[in-house]
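Structure record follows, encoded as C-alpha coordinates.
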Amino acid sequence: MAKKKAIISACLLGEYCRYDGKTKQVNEVIEAFKDYEIIPFCPEAPLFGTPRERIRVVLLDGEHRIITDVTNKDVTEMLEKEIIRFIKKNPHADAIVLKSKSPSCGIATTSIVDADKNFLRLGNGIATNIFFQKYNENIIFDEHSFKENKNLCPITYYK
Ligand code: SF4
(Lines give C-alpha, C1' and ligand atoms only; values in the text may rest on other atoms or scores of the structure.)
Protein backbone atom coordinates (compact mmCIF):
# COMPACT_ATOMS: atom_id res chain seq x y z
CA MET A 1 0.00 0.00 0.00
CA ALA A 2 1.27 3.46 -0.87
CA LYS A 3 2.46 5.54 2.05
CA LYS A 4 0.61 8.67 3.11
CA LYS A 5 2.38 11.87 2.17
CA ALA A 6 3.40 14.67 4.51
CA ILE A 7 4.70 18.01 3.29
CA ILE A 8 6.91 19.43 6.04
CA SER A 9 8.97 22.61 6.23
CA ALA A 10 12.52 21.45 5.58
CA CYS A 11 13.96 23.33 8.58
CA LEU A 12 11.67 21.34 10.91
CA LEU A 13 13.21 18.19 9.47
CA GLY A 14 16.73 19.30 10.36
CA GLU A 15 17.81 20.87 7.09
CA TYR A 16 20.10 23.89 7.51
CA CYS A 17 18.00 26.03 5.20
CA ARG A 18 17.02 29.00 7.36
CA TYR A 19 18.06 32.51 6.36
CA ASP A 20 20.72 32.49 9.11
CA GLY A 21 22.12 29.13 8.01
CA LYS A 22 20.62 27.33 10.99
CA THR A 23 17.95 24.66 11.36
CA LYS A 24 14.83 24.37 13.54
CA GLN A 25 14.55 20.64 13.85
CA VAL A 26 11.53 19.37 15.81
CA ASN A 27 11.95 15.73 16.70
CA GLU A 28 8.28 15.25 17.60
CA VAL A 29 7.31 16.11 14.03
CA ILE A 30 9.92 13.77 12.58
CA GLU A 31 8.82 10.97 14.89
CA ALA A 32 5.11 11.47 14.25
CA PHE A 33 5.55 11.18 10.50
CA LYS A 34 8.12 8.41 10.41
CA ASP A 35 5.73 6.13 8.52
CA TYR A 36 4.85 8.77 5.93
CA GLU A 37 6.54 9.65 2.70
CA ILE A 38 8.12 12.98 3.67
CA ILE A 39 8.18 15.79 1.12
CA PRO A 40 10.49 18.57 2.39
CA PHE A 41 9.36 22.08 1.52
CA CYS A 42 11.46 25.25 1.53
CA PRO A 43 10.69 27.92 -1.06
CA GLU A 44 13.39 30.37 0.06
CA ALA A 45 16.61 28.33 -0.03
CA PRO A 46 16.44 27.31 -3.72
CA LEU A 47 15.80 30.92 -4.76
CA PHE A 48 18.10 32.88 -2.49
CA GLY A 49 20.61 30.37 -1.09
CA THR A 50 21.58 29.83 2.55
CA PRO A 51 22.49 31.90 4.46
CA ARG A 52 20.59 34.76 2.84
CA GLU A 53 19.17 38.15 3.51
CA ARG A 54 16.15 38.09 5.75
CA ILE A 55 12.75 38.79 4.19
CA ARG A 56 9.59 40.22 5.74
CA VAL A 57 5.89 40.44 4.98
CA VAL A 58 5.24 44.14 4.41
CA LEU A 59 1.85 45.79 4.03
CA LEU A 60 2.19 48.13 1.03
CA ASP A 61 -0.83 49.87 -0.49
CA GLY A 62 -3.15 47.39 1.23
CA GLU A 63 -1.29 44.37 -0.11
CA HIS A 64 1.09 41.93 1.54
CA ARG A 65 4.44 41.99 -0.27
CA ILE A 66 7.58 40.04 0.52
CA ILE A 67 10.51 42.46 0.79
CA THR A 68 14.18 41.79 1.50
CA ASP A 69 15.26 43.39 4.74
CA VAL A 70 18.41 45.27 3.69
CA THR A 71 18.27 45.72 -0.08
CA ASN A 72 14.50 46.40 -0.06
CA LYS A 73 13.83 44.17 -3.06
CA ASP A 74 10.30 42.90 -3.75
CA VAL A 75 10.57 39.12 -4.18
CA THR A 76 6.85 38.34 -3.96
CA GLU A 77 6.46 37.07 -7.53
CA MET A 78 9.63 34.99 -7.35
CA LEU A 79 8.36 33.22 -4.25
CA GLU A 80 4.86 32.77 -5.66
CA LYS A 81 6.29 31.06 -8.74
CA GLU A 82 8.49 28.78 -6.63
CA ILE A 83 5.57 27.80 -4.38
CA ILE A 84 3.24 27.11 -7.33
CA ARG A 85 6.00 25.05 -8.97
CA PHE A 86 6.25 22.97 -5.78
CA ILE A 87 2.47 22.46 -5.59
CA LYS A 88 2.28 21.36 -9.23
CA LYS A 89 5.00 18.80 -8.52
CA ASN A 90 3.28 17.69 -5.29
CA PRO A 91 -0.46 18.07 -5.83
CA HIS A 92 -1.45 15.61 -3.09
CA ALA A 93 -0.72 15.60 0.63
CA ASP A 94 -2.29 13.87 3.61
CA ALA A 95 -0.71 16.25 6.11
CA ILE A 96 1.20 19.51 6.02
CA VAL A 97 3.32 20.90 8.87
CA LEU A 98 4.86 24.35 8.39
CA LYS A 99 7.30 26.39 10.44
CA SER A 100 5.68 29.07 12.59
CA LYS A 101 6.60 32.77 12.38
CA SER A 102 8.27 32.49 8.98
CA PRO A 103 7.45 35.04 6.23
CA SER A 104 6.97 32.03 3.96
CA CYS A 105 5.64 29.26 6.19
CA GLY A 106 3.99 30.91 9.24
CA ILE A 107 0.32 30.30 10.06
CA ALA A 108 -1.17 33.32 11.88
CA THR A 109 2.19 33.78 13.62
CA THR A 110 4.10 35.80 11.03
CA SER A 111 4.82 39.45 11.78
CA ILE A 112 3.27 41.80 9.26
CA VAL A 113 5.11 45.13 9.25
CA ASP A 114 4.70 48.51 7.57
CA ALA A 115 7.19 50.09 5.16
CA ASP A 116 9.24 51.35 8.13
CA LYS A 117 9.34 47.84 9.66
CA ASN A 118 6.92 48.72 12.44
CA PHE A 119 4.95 45.71 13.64
CA LEU A 120 1.29 45.86 12.57
CA ARG A 121 -0.19 42.45 13.40
CA LEU A 122 0.28 38.72 13.00
CA GLY A 123 -0.69 36.96 9.79
CA ASN A 124 0.27 34.16 7.40
CA GLY A 125 3.40 33.62 5.36
CA ILE A 126 3.13 33.71 1.59
CA ALA A 127 3.35 29.93 1.15
CA THR A 128 0.70 29.37 3.79
CA ASN A 129 -1.77 31.63 1.99
CA ILE A 130 -1.21 29.77 -1.27
CA PHE A 131 -1.33 26.34 0.44
CA PHE A 132 -4.71 27.21 1.99
CA GLN A 133 -6.06 27.76 -1.53
CA LYS A 134 -4.52 24.65 -3.07
CA TYR A 135 -4.69 21.98 -0.33
CA ASN A 136 -7.34 20.98 2.20
CA GLU A 137 -6.94 23.56 4.97
CA ASN A 138 -7.90 20.96 7.61
CA ILE A 139 -4.58 19.17 7.12
CA ILE A 140 -2.37 22.26 7.47
CA PHE A 141 -0.63 22.85 10.82
CA ASP A 142 2.50 24.38 12.22
CA GLU A 143 4.87 22.63 14.62
CA HIS A 144 2.81 23.88 17.59
CA SER A 145 -0.78 23.46 16.42
CA PHE A 146 0.18 20.04 15.13
CA LYS A 147 0.89 18.98 18.70
CA GLU A 148 -2.04 20.76 20.29
CA ASN A 149 -4.56 19.48 17.77
CA LYS A 150 -3.29 15.99 17.34
CA ASN A 151 -6.51 14.49 18.67
CA LEU A 152 -8.70 16.74 16.54
CA CYS A 153 -6.89 16.18 13.31
CA PRO A 154 -8.59 13.96 10.72
CA ILE A 155 -5.32 12.13 10.25
CA THR A 156 -4.01 9.61 12.78
CA TYR A 157 -0.61 11.03 13.63
CA TYR A 158 0.10 8.77 16.59
CA LYS A 159 -0.48 5.06 16.76
S1 SF4 B 1 10.49 28.42 7.52
FE2 SF4 B 1 10.01 27.71 5.46
S3 SF4 B 1 11.14 29.08 4.08
FE4 SF4 B 1 12.02 29.33 6.14
S5 SF4 B 1 13.74 27.93 6.21
FE6 SF4 B 1 11.99 26.83 7.05
S7 SF4 B 1 11.12 25.77 5.30
FE8 SF4 B 1 12.49 27.34 4.46
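Scanning the stretch 87-103 for residues that are closer than 15 Å to TYR135 by Cα and crowded, with 21+ Cβ neighbours inside 10 Å yields ALA93, ALA95, ILE96, VAL97, LEU98. Pairs linking a residue in the stretch 1-19 that is more than 8 Å from the ligand (Cβ to nearest atom) to a residue that is open to solvent by 10 Å² or more (accessible area, probe 1.4 Å) and of a type in the set (Lys, Arg), with Cβ atoms under 7 Å and 6 or more positions apart or on different chains, are TYR16/LYS22. Pairing residues of the stretch 117-138 that are farther than 18 Å from THR68 by Cα with residues that are modelled with pLDDT of 95 or more and open to solvent by 80 Å² or more (accessible area, probe 1.4 Å), at Cβ distances under 9 Å and at least 6 apart in sequence or on separate chains, gives LEU122/LYS101; LYS134/PRO91; TYR135/PRO91; TYR135/HIS92.
To keep it simple, each residue is scored yes or no on (1) within 22 Å of TYR19 (Cβ to Cβ); (2) part of a loop (DSSP other than H, G, I, E, B); (3) modelled with pLDDT of 95 or more; (4) among the aromatic types (Phe, Trp, Tyr).
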{"site": "GLU53", "(1), (2), (3), (4)": "yes, yes, yes, no"}
{"site": "LEU79", "(1), (2), (3), (4)": "yes, no, yes, no"}
{"site": "HIS92", "(1), (2), (3), (4)": "no, yes, yes, no"}
{"site": "CYS105", "(1), (2), (3), (4)": "yes, yes, yes, no"}
{"site": "ILE112", "(1), (2), (3), (4)": "yes, no, yes, no"}
{"site": "ASP116", "(1), (2), (3), (4)": "yes, yes, yes, no"}
{"site": "LEU120", "(1), (2), (3), (4)": "yes, no, yes, no"}
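Restricting attention to the stretch 20-49, the residues that are free of Cβ contacts under 8 Å to residues at least 40 places away in the same chain, part of a helix (DSSP H, G or I) and within 9 Å of the ligand (Cβ to nearest atom) add up to 1. Of the numbered criteria (1) open to solvent by less than 30 Å² (accessible area, probe 1.4 Å); (2) part of a strand (DSSP E or B); (3) under 22 Å from GLU137 (Cβ atoms); (4) not basic (Lys, Arg), the one ILE67 fails is (3).
Within the stretch 78-121, the set of residues being away from the ligand (no atom under 16 Å from the Cβ) and among the acidic types (Asp, Glu) comprises ASP94, ASP114, ASP116. Only one entry in GLY106, GLY14, GLY21 is over 15 Å from the mean Cα position of the chain (by Cα) and either small (Gly, Ala, Ser) or open to solvent by less than 40 Å² (accessible area, probe 1.4 Å) (or both), namely GLY21.
Scanning the stretch 31-47 for residues that are over 15 Å from the mean Cα position of the chain (by Cα) and open to solvent by less than 60 Å² (accessible area, probe 1.4 Å) turns up ALA32, PHE33, TYR36.
Residues that are closer than 19 Å to LYS4 by Cα and in contact with a Phe, Trp or Tyr (Cβ under 7 Å, 6 or more places away or on another chain) do not occur anywhere in the stretch 102-125.
The values are calculated or read from the model by the stated rules, or taken from the named source; none is laboratory data. On a predicted model such as this, the values are computed, not experimentally measured, just so you know. In this analysis, Cβ positions are derived from the backbone assuming ideal geometry, glycine residues included, and neighbour counts consider all displayed protein chains. Each accessible area value is taken on the protein alone, full model and side chains, heavy atoms only, with ligands, DNA and RNA left out. Shrake-Rupley method; radii C 1.70, N 1.55, O 1.52, S 1.80 Å.
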